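Below: one structure, written as C-alpha coordinates.
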Amino acid sequence: MFVVAGSQVAQSGVSYVYQTFVIAHVVGTLHMAPSVGPVAVAIAAAFAMFTTPLFGALSDKFGRKAIYMFGAVFSALFAFPFFWLVNTGTTWGVIVAMTLGVAAMLGTQGAFFSEVFPSKVRFSGLALGREISAAASCGIAPLAAVLLSGMAGGALWPVAWLAVAMSVITLIAVWCAPETHNLDLINTVSRDGEKTSAEPNAFSKADSERLV
(Lines give C-alpha, C1' and ligand atoms only; values in the text may rest on other atoms or scores of the structure.)
Protein backbone atom coordinates (compact mmCIF):
# COMPACT_ATOMS: atom_id res chain seq x y z
CA MET A 1 0.00 0.00 0.00
CA PHE A 2 2.96 2.32 0.66
CA VAL A 3 4.00 1.82 -2.96
CA VAL A 4 0.63 2.94 -4.31
CA ALA A 5 0.20 5.81 -1.84
CA GLY A 6 3.70 7.14 -2.47
CA SER A 7 3.44 6.66 -6.23
CA GLN A 8 0.28 8.76 -6.28
CA VAL A 9 1.81 11.81 -4.56
CA ALA A 10 3.59 13.31 -7.56
CA GLN A 11 0.94 12.42 -10.12
CA SER A 12 -1.85 14.05 -8.13
CA GLY A 13 0.00 16.70 -6.14
CA VAL A 14 2.14 18.12 -8.94
CA SER A 15 -0.70 18.12 -11.46
CA TYR A 16 -3.03 19.96 -9.08
CA VAL A 17 -0.38 22.57 -8.34
CA TYR A 18 -0.15 23.18 -12.08
CA GLN A 19 -3.91 23.15 -12.63
CA THR A 20 -4.99 25.29 -9.66
CA PHE A 21 -2.18 27.30 -8.11
CA VAL A 22 -0.60 28.31 -11.41
CA ILE A 23 -3.94 29.45 -12.85
CA ALA A 24 -4.42 31.75 -9.86
CA HIS A 25 -0.78 32.91 -9.99
CA VAL A 26 -0.81 33.99 -13.64
CA VAL A 27 -3.90 36.12 -13.01
CA GLY A 28 -3.27 37.46 -9.50
CA THR A 29 0.51 37.94 -9.63
CA LEU A 30 1.47 38.14 -13.31
CA HIS A 31 -1.74 40.01 -14.26
CA MET A 32 -2.25 37.92 -17.37
CA ALA A 33 -5.61 37.30 -19.01
CA PRO A 34 -7.86 34.98 -16.97
CA SER A 35 -8.21 32.69 -19.98
CA VAL A 36 -4.49 31.87 -20.22
CA GLY A 37 -4.36 29.26 -17.47
CA PRO A 38 -7.56 27.35 -18.37
CA VAL A 39 -6.63 27.36 -22.08
CA ALA A 40 -3.17 25.97 -21.30
CA VAL A 41 -4.66 23.23 -19.12
CA ALA A 42 -7.23 22.40 -21.80
CA ILE A 43 -4.54 22.11 -24.49
CA ALA A 44 -2.43 19.97 -22.15
CA ALA A 45 -5.43 17.72 -21.52
CA ALA A 46 -5.99 17.38 -25.27
CA PHE A 47 -2.38 16.31 -25.78
CA ALA A 48 -2.64 13.97 -22.78
CA MET A 49 -5.46 12.10 -24.55
CA PHE A 50 -2.74 10.76 -26.84
CA THR A 51 0.33 10.71 -24.59
CA THR A 52 -1.38 8.91 -21.69
CA PRO A 53 -2.22 5.72 -23.65
CA LEU A 54 1.17 6.01 -25.37
CA PHE A 55 2.98 5.83 -22.05
CA GLY A 56 0.71 2.96 -21.03
CA ALA A 57 1.81 1.06 -24.14
CA LEU A 58 5.45 1.87 -23.43
CA SER A 59 5.04 0.44 -19.92
CA ASP A 60 3.91 -2.82 -21.52
CA LYS A 61 7.14 -2.92 -23.49
CA PHE A 62 9.73 -1.46 -21.12
CA GLY A 63 8.17 -2.07 -17.70
CA ARG A 64 5.89 -0.20 -15.31
CA LYS A 65 8.68 1.03 -13.05
CA ALA A 66 10.82 2.44 -15.86
CA ILE A 67 8.05 4.57 -17.34
CA TYR A 68 6.61 5.64 -13.98
CA MET A 69 10.07 6.62 -12.73
CA PHE A 70 10.65 8.58 -15.93
CA GLY A 71 7.53 10.60 -15.14
CA ALA A 72 8.64 11.25 -11.57
CA VAL A 73 12.19 12.19 -12.60
CA PHE A 74 10.91 14.47 -15.36
CA SER A 75 8.53 16.20 -12.92
CA ALA A 76 11.42 16.79 -10.51
CA LEU A 77 13.88 18.03 -13.14
CA PHE A 78 11.32 20.19 -14.91
CA ALA A 79 9.96 21.86 -11.77
CA PHE A 80 12.24 24.89 -11.83
CA PRO A 81 12.21 25.36 -15.64
CA PHE A 82 8.44 25.07 -15.52
CA PHE A 83 8.03 27.97 -13.12
CA TRP A 84 10.63 29.99 -15.02
CA LEU A 85 8.45 29.53 -18.09
CA VAL A 86 5.36 30.53 -16.10
CA ASN A 87 7.04 33.76 -15.04
CA THR A 88 7.80 34.62 -18.67
CA GLY A 89 4.07 34.64 -19.33
CA THR A 90 4.07 31.65 -21.69
CA THR A 91 1.41 28.95 -21.70
CA TRP A 92 3.75 26.26 -23.03
CA GLY A 93 5.21 25.45 -19.63
CA VAL A 94 1.92 24.04 -18.39
CA ILE A 95 1.41 22.09 -21.60
CA VAL A 96 4.85 20.44 -21.54
CA ALA A 97 4.66 19.54 -17.86
CA MET A 98 1.18 18.03 -18.11
CA THR A 99 1.78 16.02 -21.27
CA LEU A 100 5.12 14.44 -20.33
CA GLY A 101 5.73 14.12 -16.60
CA VAL A 102 2.17 13.71 -15.36
CA ALA A 103 0.94 11.70 -18.36
CA ALA A 104 3.77 9.18 -18.00
CA MET A 105 2.66 8.39 -14.45
CA LEU A 106 -1.05 8.49 -15.23
CA GLY A 107 -0.73 6.23 -18.25
CA THR A 108 1.17 3.60 -16.29
CA GLN A 109 -0.63 3.51 -12.96
CA GLY A 110 -3.81 1.73 -14.08
CA ALA A 111 -2.00 -1.50 -14.91
CA PHE A 112 0.81 -0.98 -12.39
CA PHE A 113 -1.38 -0.47 -9.34
CA SER A 114 -3.69 -3.34 -10.27
CA GLU A 115 -0.76 -5.73 -10.64
CA VAL A 116 0.73 -4.81 -7.27
CA PHE A 117 -2.17 -6.39 -5.34
CA PRO A 118 -3.55 -9.95 -5.47
CA SER A 119 -7.21 -10.24 -6.36
CA LYS A 120 -8.37 -10.80 -2.77
CA VAL A 121 -7.26 -7.32 -1.66
CA ARG A 122 -7.01 -5.44 -4.96
CA PHE A 123 -10.06 -3.25 -4.52
CA SER A 124 -9.35 -2.33 -0.90
CA GLY A 125 -5.64 -1.86 -1.59
CA LEU A 126 -6.29 0.49 -4.48
CA ALA A 127 -9.04 2.36 -2.64
CA LEU A 128 -6.98 2.96 0.47
CA GLY A 129 -3.61 3.47 -1.17
CA ARG A 130 -4.51 5.50 -4.24
CA GLU A 131 -7.64 7.43 -3.36
CA ILE A 132 -6.69 8.54 0.15
CA SER A 133 -3.24 9.59 -1.04
CA ALA A 134 -4.72 11.37 -4.05
CA ALA A 135 -7.24 13.26 -1.94
CA ALA A 136 -4.57 14.29 0.56
CA SER A 137 -2.01 15.39 -2.03
CA CYS A 138 -4.57 17.12 -4.28
CA GLY A 139 -6.02 18.99 -1.33
CA ILE A 140 -2.82 19.91 0.48
CA ALA A 141 -0.38 20.63 -2.37
CA PRO A 142 -2.15 23.72 -3.85
CA LEU A 143 -2.69 25.17 -0.36
CA ALA A 144 0.94 24.51 0.53
CA ALA A 145 1.99 26.20 -2.73
CA VAL A 146 0.01 29.32 -1.83
CA LEU A 147 1.51 29.37 1.66
CA LEU A 148 5.08 28.86 0.47
CA SER A 149 4.81 31.44 -2.29
CA GLY A 150 3.25 33.95 0.11
CA MET A 151 6.04 33.44 2.65
CA ALA A 152 8.59 34.05 -0.13
CA GLY A 153 6.96 37.31 -1.22
CA GLY A 154 5.30 35.83 -4.28
CA ALA A 155 8.38 33.97 -5.51
CA LEU A 156 7.85 30.55 -7.08
CA TRP A 157 11.08 28.78 -6.12
CA PRO A 158 9.56 27.30 -2.90
CA VAL A 159 6.72 25.86 -4.98
CA ALA A 160 9.26 24.32 -7.34
CA TRP A 161 10.96 22.66 -4.37
CA LEU A 162 7.55 21.37 -3.27
CA ALA A 163 7.10 19.74 -6.68
CA VAL A 164 10.59 18.26 -6.42
CA ALA A 165 9.85 16.86 -2.96
CA MET A 166 6.62 15.22 -4.11
CA SER A 167 8.40 13.74 -7.12
CA VAL A 168 11.17 12.33 -4.91
CA ILE A 169 8.58 10.64 -2.65
CA THR A 170 7.04 9.01 -5.71
CA LEU A 171 10.44 8.02 -7.07
CA ILE A 172 11.35 6.27 -3.81
CA ALA A 173 8.01 4.47 -3.64
CA VAL A 174 8.25 3.20 -7.21
CA TRP A 175 11.88 2.19 -6.71
CA CYS A 176 10.79 -0.01 -3.79
CA ALA A 177 8.00 -1.63 -5.83
CA PRO A 178 8.37 -4.91 -7.71
CA GLU A 179 8.32 -4.88 -11.49
CA THR A 180 4.97 -6.29 -12.58
CA HIS A 181 4.62 -5.90 -16.35
CA ASN A 182 5.61 -9.54 -17.04
CA LEU A 183 3.49 -10.88 -14.21
CA ASP A 184 1.01 -13.58 -15.22
CA LEU A 185 -2.13 -12.85 -13.24
CA ILE A 186 -3.82 -16.05 -14.42
CA ASN A 187 -1.28 -18.84 -14.20
CA THR A 188 1.75 -19.45 -12.05
CA VAL A 189 3.90 -22.44 -11.12
CA SER A 190 3.68 -24.00 -7.67
CA ARG A 191 6.67 -25.29 -5.70
CA ASP A 192 6.14 -28.84 -6.97
CA GLY A 193 6.18 -27.63 -10.56
CA GLU A 194 2.46 -27.87 -11.21
CA LYS A 195 0.68 -25.07 -13.05
CA THR A 196 -1.89 -23.41 -10.82
CA SER A 197 -4.11 -20.35 -10.84
CA ALA A 198 -2.51 -17.20 -9.41
CA GLU A 199 -5.96 -15.69 -9.02
CA PRO A 200 -8.06 -17.90 -6.72
CA ASN A 201 -11.33 -16.73 -8.25
CA ALA A 202 -10.14 -16.43 -11.85
CA PHE A 203 -12.34 -17.97 -14.54
CA SER A 204 -10.86 -20.35 -17.06
CA LYS A 205 -11.30 -19.62 -20.76
CA ALA A 206 -14.01 -22.28 -20.95
CA ASP A 207 -15.85 -20.74 -17.98
CA SER A 208 -15.74 -17.33 -19.63
CA GLU A 209 -17.12 -18.69 -22.90
CA ARG A 210 -20.02 -20.37 -21.09
CA LEU A 211 -20.95 -17.07 -19.45
CA VAL A 212 -21.13 -15.17 -22.74
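The values are calculated or read from the model by the stated rules, or taken from the named source; none is laboratory data. Predicted model, so just to flag it, every value in this text is computed and none were measured. For accessibility, only protein heavy atoms count, side chains too; no ligands or nucleic acids. Shrake-Rupley method; radii C 1.70, N 1.55, O 1.52, S 1.80 Å.
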query = Roughly how many Å² of residue 172 are accessible to a 1.4 Å probe, to the nearest 10?
reply = 90
inquiry  = Using each residue's phi in the range 31-41, evaluate 6.51 cos²θ - 1.76 cosθ + 1.60 at θ = phi - 60° and report the 3J(HN,Hα) Karplus result to the nearest Hz, with x for Gly and Pro.
reply    = 6, 8, 5, x, 7, 4, x, x, 5, 4, 5
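Explain nothing, just the number: relative contact order of the range 1-123, from Cα pairs under 8 Å at least 6 residues apart, as a whole percent.
Relative contact order of the range 1-123: 33 percent.
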message = Check which residues have an amide H placed less than 5 Å from residue 32's amide H, if you skip close sequence neighbours.
response = 27
